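The values are calculated or read from the model by the stated rules, or taken from the named source; none is laboratory data. A quick note: this is a predicted structure, and the numbers were derived from the prediction, not measured. Because the Cβ atoms are built from the backbone with ideal geometry, glycine has one as well, and the counts that use them run over all protein chains shown. SASA here: full protein model, heavy atoms, side chains in, ligands and nucleic acids out. Shrake-Rupley method; radii C 1.70, N 1.55, O 1.52, S 1.80 Å.
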Amino acid sequence: MNRKLKIILIATGVVLTPVLLSPFPRFRLPMSTVVEARDGSLLGARIADDGQWRFPGYTEVPEKFEKALLTFEDRYFYWHPGINPVSIIRALVLNINAGEIVSGGSTITMQVARLARGNIRRSYSEKIIEMLSALKLELFRSKKAILNIYAANAPFGGNIVGLEAAAWRYTGKHSEDITWAEAAGLAVLPNSPALVFPGRNKEILKTRRDNLLRKLYQRECFDSLTLILALDEPLPGEPKPLPVKAPHLTDYFFLNNKGETIRTTIDPEMQERATEIINAHQKDLSGNFINNSAGIIIRVSTGEVLAYVGNSTPENYAEHGGDVDIIRSQRSTGSILKPILYAAMQQSGDILPNTLIADIPTRFTGFSPKNFDQTYSGAVPASSALSQSLNIPAVKMLQIYNPGKFLELLRETGFTTFRKSADHYGLSLILGGGETSLWELAGVYASLSRVLNRYIAEKKYYKEDYHPPLLLVRNEPASDKTEEISPPLTASSIWLTYEALQKVNRPESEAGWQYFNSSHNLAWKTGTSFGFRDAWALGTTPEYVIGVWAGNADGEGRPGLTGLSTAAPVLFDLFNMMEAGRWFEAPAEDMTLIRICSKSGFRAGSDCPETEETFACVNGLRSESCPYHRIIHLDKSRTRQVNADCATPSDIRNEPWFVLPPAMEYFYKQKHPEYNILPSPAPGCHVDKSIDVMEFIYPSPGIQIFIPRDQTGLLTRIIPEVAHRNPSKKIFWHLDEKFIGTTKSVHQIEILADSGGHVLTAVDEDGNSIKCTFSIIGRSD
């Protein structure tokens, strides 16, 4: 190796060694949590742990700020290696002449090095370290990266650090949207943030900004008109409050993605309008001491959340639980799960769309469901039971379908909050015995609508269509889909359910529903939890799912707190701000035409006189045929029942007759005057024993009854009840073969029984009898 090369290598080592051994500028300071809408606008932010507004850095510094900054601070940034010898010599001369440090001659890179060291007091030794660190930074980082580091960590006065935080606090907008005047005003701040910042020393700030604008004009960054307009722009005033467009969503990300910038799927305009609507309704609800409400809007096709109003935000909202994110809170479901049960039973073939379901007084051990209006219809079509949100038919349906099977379906469709066993929930699961969140509820219904849309478009099912709502913008395309042969719910079952929900017909006790107006074809459902604690409303179109909750965050119930009166008006106002669209197409390939009994809604039997065809799920072909039409034998006048023992064959007329069981008939005929009861038997004729004339309403066979004491300490009595096709008949009651009394017209009787098993017998005056076994538990004498 020749001597010159050795000298070069030694000199290089002498120069590089201090550079390589110098500290590398690193920033490990806590960051603010920043939540953005889909378009990059700010939804909200939470301050960093050290009390500074320091937004996480962005990938590129906006062009206007970059030109303003480099013009003011470091014109030769892209040309020097991290230090500018000319600037350093000039600063040294100024400092010697002044007898103190008045100028540092720092480049942008050197300022990054100083900021990384915590802005240590200036000295010549510290300046040397900055220069070495700057050289090292230039070796390992690009110019653009260095500029980004500076923009993210430069002080802008007070507790504002970084360009993005400064842009929002001083201008109320994203850094990419600032004007030339705003860019120039921000560019001069890091030079002396303690001396000059908006709201203080305005003359100095304006002079520096205007001088910088003129320099930018001289460098042909913009034209003369822009200069004139920029010079006329007012200086930014005191720091502006940051936007608070989604406070509960911001809190969620503060807990789960602390110190990050999160780009969400939220539509900022829709978010603002949804918040305004919910807050407007909240003013009315507060008059009834209903202090909280929430809403979520989801795009069906992707599952993206477009609006997230975690709670209403009126003045002093924090005093009434307004900080609680209701969307994520678990609340009693009320009857909001009934549509899923209806769809499941359509798919399984247990019922057809209008199959009659019993609506009579019903009691189970420890559980006695009641309809909202405290009345009974005897029997109602399943679709009407759903649209009227009747509780007793829903419990009957769940009893048929099986609670365990239904619980598994809920989990398959996306619910995760039902973690206990089916035995724990029992039949009350369909009436609010479990809890879920508005987040999961809206997400599941969005999945169902997505499954229906997909089948209509592609005639296929995919597992990936069942997923929770999405809050984060996805940059990568969706992964390959997995086709599903046996989906949790088929397109036909979902469509039939939506058709029933579109034809809502609320009971008169919930008056006012018919005045709700919407430009949309809408499948919607309300729910109210026990004790009037939770009011739900949920609706879907092919494009959107909207969920609404109203109530009190602390669980306090209020009279009148129902889904229809409090949550539904909000739901319809939210839908009315959306563009009207199409309705779901019928998935014809997934359905079949079934001939049904026009009266009962069951698959038509041979005795049904009037039938019609209806679309149903394919499994509906296996459903039960009509059990209520019977052939009865009448005399010539068709007013009396006869049989071969009391009439000649030529005098007998055979006719199909719609015959409900006695308990169902008792309530059904009260609301259906057209119902024809069975004719009485002709004198000397025995009635058809295959048609029951009596039925126990209470107790039900095999029930276990707990007998408590009343407030006086006396044991309470049970009141059995029987429905008779002819209430005027006398009934003679026997308990364990012992006569206890007689009833007529109203067939109820009080009894007091000991603990253990019992047999209750009812015999009418014609000799017809029925028996019921039951047990008394928990009685103490």
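Count of region 713-726 residues, restricted to those that are closer than 17 Å to Ala663 by Cβ, out of contact with any helix residue (DSSP H, G or I) (no Cβ under 6 Å at 6 or more places or on another chain) and either surrounded by 15 or more Cβ atoms within 10 Å (Cβ to Cβ) or modelled with pLDDT of 90 or more (or both), is 4. Any residue in region 187-200 that is at pLDDT below 80 and open to solvent by less than 10 Å² (accessible area, probe 1.4 Å)? There is at least one residue in region 187-200 that is at pLDDT below 80 and open to solvent by less than 10 Å² (accessible area, probe 1.4 Å).
So which residues in region 608-650 are charged (D, E, K, R), more than 26 Å from Ser486 (Cα to Cα) and either open to solvent by 50 Å² or more (accessible area, probe 1.4 Å) or modelled with pLDDT of 95 or more (or both)? Quick ask: steps written out before the conclusion?
Pass one, region 608-650, residues charged (D, E, K, R): 610, 612-613, 622, 624, 630, 635-636, 638, 640, 645.
Pick out the ones that are also more than 26 Å from Ser486 (Cα to Cα) and you get 610, 612-613, 630, 635-636, 638, 640, 645.
Listed by number, the residues that qualify are Glu610, Glu612, Glu613, Arg630, Lys636, Arg638, Arg640, Asp645.
Only one of (1) over 45 Å from the mean Cα position of the chain (by Cα); (2) modelled with pLDDT of 90 or more; (3) in a helix (DSSP H, G or I) fails for Asp251. Which number is that? Result: Asp251 fails condition (1) only. Among the residues of region 391-405, the one identified as in contact with a strand residue (DSSP E or B) (Cβ under 6 Å, 6 or more places away or on another chain) and either of a type in the set (Lys, Arg) or open to solvent by 30 Å² or more (accessible area, probe 1.4 Å) (or both) is Lys396. Of the listed requirements (1) more than 25 Å from Gly539 (Cβ to Cβ); (2) β-branched (Val, Ile, Thr); (3) crowded, with 24+ Cβ neighbours inside 10 Å, Ile351 misses just one: (1).
Residue under question is Thr416, and the condition is that it be within 30 Å of Ile297 (Cα to Cα) and either modelled with pLDDT of 95 or more or not in a helix (DSSP H, G or I) (or both); does it hold? When the stated conditions are applied, Thr416 passes them.
For every residue, the table says whether it meets (1) charged (D, E, K, R); (2) open to solvent by 70 Å² or more (accessible area, probe 1.4 Å); (3) in contact (Cβ under 8 Å) with a residue 12 or more places away in the chain.
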{"residue": "Ile703", "(1), (2), (3)": "no, no, yes"}
{"residue": "Ser728", "(1), (2), (3)": "no, no, yes"}
{"residue": "Gly741", "(1), (2), (3)": "no, no, no"}
{"residue": "Thr773", "(1), (2), (3)": "no, yes, yes"}
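Of the residues in region 424-437, not one is among the hydroxyl-bearing types (Ser, Thr, Tyr) and part of a loop (DSSP other than H, G, I, E, B). Is it the case that region 751-767 has a residue that's without any contact (Cβ under 8 Å) to a residue 24 or more places away in the chain, open to solvent by less than 30 Å² (accessible area, probe 1.4 Å) and hydroxyl-bearing (Ser, Thr, Tyr)? Within region 751-767, none of the residues are without any contact (Cβ under 8 Å) to a residue 24 or more places away in the chain, open to solvent by less than 30 Å² (accessible area, probe 1.4 Å) and hydroxyl-bearing (Ser, Thr, Tyr). Number of residues in region 664-688 that are touching a residue at least 60 places away in the same chain (Cβ under 8 Å) and open to solvent by 90 Å² or more (accessible area, probe 1.4 Å) equals 2.
Restricting region 584-599 to residues that are touching an Asp or Glu at 6+ places or on another chain (Cβ under 8 Å) and either among the acidic types (Asp, Glu) or without any contact (Cβ under 8 Å) to a residue 40 or more places away in the chain (or both) leaves a set whose member that is least open to solvent (accessible area, probe 1.4 Å) is Cys597.
For region 374-389, the criterion of being surrounded by fewer than 21 Cβ atoms within 10 Å (Cβ to Cβ), in contact (Cβ under 8 Å) with a residue 60 or more places away in the chain, in contact with a Phe, Trp or Tyr (Cβ under 8 Å, 6 or more places away or on another chain) and farther than 27 Å from Ile776 by Cβ is satisfied by no residue at all.
Just one of (1) closer than 21 Å to Asp766 by Cα; (2) surrounded by 13 or more Cβ atoms within 10 Å (Cβ to Cβ); (3) without any contact (Cβ under 8 Å) to a residue 60 or more places away in the chain fails for Phe696. It is (3).
Taking residues in region 342-365 that are at positive phi, and partners anywhere that are part of a helix (DSSP H, G or I), the pairs with Cβ atoms closer than 6 Å and at least 6 places apart or on different chains are Gly349/Asn619; Gly349/Gly620; Gly349/Arg622.
Within this structure, Arg725 fails the test of being over 28 Å from Asp645 (Cα atoms), basic (Lys, Arg) and touching a Leu at 6+ places or on another chain (Cβ under 9 Å).
So, Gly414, is that one surrounded by fewer than 22 Cβ atoms within 10 Å (Cβ to Cβ) and on the phi > 0 side of the Ramachandran plot or not? Yes. Checking each residue in region 356-375 for being under 25 Å from Thr773 (Cα atoms) and at pLDDT 90 or above picks out Ile357, Ala358, Asp359, Ile360, Pro361. For region 223-270, filtered to residues that are farther than 15 Å from Val35 by Cα and small (Gly, Ala, Ser), the residue that is least open to solvent (accessible area, probe 1.4 Å) is Ala230.
Being among the hydroxyl-bearing types (Ser, Thr, Tyr) and under 15 Å from His724 (Cα atoms), is that true of even one residue in region 645-665? No, region 645-665 contains no residue that is among the hydroxyl-bearing types (Ser, Thr, Tyr) and under 15 Å from His724 (Cα atoms).
If you check Leu660 against the conditions, is it outside any strand (DSSP E or B), open to solvent by less than 20 Å² (accessible area, probe 1.4 Å) and under 30 Å from Phe732 (Cβ atoms)? It would help to see each step written out before you state the result.
Working: outside any strand (DSSP E or B): yes; open to solvent by less than 20 Å² (accessible area, probe 1.4 Å): yes; under 30 Å from Phe732 (Cβ atoms): yes.
Against the criterion (outside any strand (DSSP E or B), open to solvent by less than 20 Å² (accessible area, probe 1.4 Å) and under 30 Å from Phe732 (Cβ atoms)), Leu660 qualifies.
Pick from Ser479, Ser509: which is outside any helix (DSSP H, G or I) and either exposed (fewer than 14 other Cβ atoms within 10 Å of the Cβ) or modelled with pLDDT under 95 (or both)? Criteria check complete, one pass: Ser479.
Consider region 254-273. How many of its residues are touching a Ser or Thr at 6+ places or on another chain (Cβ under 9 Å) and assigned to a strand (DSSP E or B)? Final tally of qualifying residues: 2.
What number of residues within region 280-301 are open to solvent by 30 Å² or more (accessible area, probe 1.4 Å) and part of a helix (DSSP H, G or I)?
Step one: of region 280-301, the residues open to solvent by 30 Å² or more (accessible area, probe 1.4 Å) are 280-281, 283-284, 286-289, 291, 299, 301.
Filter once more, keeping what is part of a helix (DSSP H, G or I): 280-281, 283-284, 286.
Counting residues in region 280-301 that are open to solvent by 30 Å² or more (accessible area, probe 1.4 Å) and part of a helix (DSSP H, G or I) gives 5.
Condition (residue is open to solvent by 30 Å² or more (accessible area, probe 1.4 Å) and part of a helix (DSSP H, G or I)) applied to region 161-170: is it met by at least one residue? Yes, because at least one residue in region 161-170 is open to solvent by 30 Å² or more (accessible area, probe 1.4 Å) and part of a helix (DSSP H, G or I). Return the residue satisfying two criteria in turn: it lies in region 538-583 and is assigned to a helix (DSSP H, G or I) and aliphatic (A, V, I, L, M), and of such residues it is surrounded by the most Cβ atoms within 10 Å (Cβ to Cβ). Only one residue tops the list, namely Ala567. Considering region 317-333, and only residues there that are modelled with pLDDT of 90 or more and of a type outside the set (A, V, I, L, M), the residue that is nearest to Thr417 (Cα to Cα) turns out to be Gln330. Are any residues in region 207-239 among the basic types (Lys, Arg) and in a loop (DSSP other than H, G, I, E, B), and if so, which ones? Result: Arg219, single match. The combined condition, being of a type outside the set (Lys, Arg) and closer than 25 Å to Glu440 by Cα, is fulfilled by Leu410.
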